[in-house]
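The values are calculated or read from the model by the stated rules, or taken from the named source; none is laboratory data. Everything quoted here is computed from the prediction, not taken from an experiment. Every residue, glycine among them, receives a Cβ derived from its backbone with ideal geometry; neighbour counts consider all protein chains shown.
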Amino acid sequence: RFALDPTRGQERALRSHAGAARFAWNWALAACLERYRAERRWCSGAELHRRWNQVKKADPALAWWEQNSKCAYQEAFRDLDRALREFTRSNKGERPGRRLGFPRVKKRGRCRDSFGLTGT
């Protein structure tokens, strides 16, 4: 964790990345639920990324995706993949500790703004 003192432009960019990650999480959660209803399987993080690459270029309403780092989307997909795996393990009794609930939709103002970046 870091303490930041961003300028207004930097703060806008940080909020944009957090919003992009939130959108990616919600989009991926909907895609996973759709696949689970059809095939009784979740999508992996890599599979979600491949689907995102197809959808983002085909849908003109998603033209804004280029304004943010690709890492914000990738990390959201990985986080959801991990959350679904841990939820499944928890339900089967394979995960120690309290039972985990199903991952929820993230709403602006109701969740902590965050995003991850890969380091390279």
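Here are the numbers:
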| read-out | value |
| --- | --- |
| Residue list for the range 95-120, filter: among the charged types (D, E, K, R) and under 15 Å from ARG85 (Cβ atoms) | ARG95, ARG99 |
| Among (1) over 20 Å from ARG110 (Cβ atoms); (2) over 11 Å from the mean Cα position of the chain (by Cα) - the single one LEU14 does not satisfy | (1) |
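Listed here are the residues, each with its yes/no results for (1) modelled with pLDDT under 95; (2) of a type outside the set (A, V, I, L, M).
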{"residue": "ARG1", "(1), (2)": "yes, yes"}
{"residue": "ARG8", "(1), (2)": "no, yes"}
{"residue": "TRP25", "(1), (2)": "no, yes"}
{"residue": "ALA28", "(1), (2)": "no, no"}
{"residue": "TRP42", "(1), (2)": "yes, yes"}
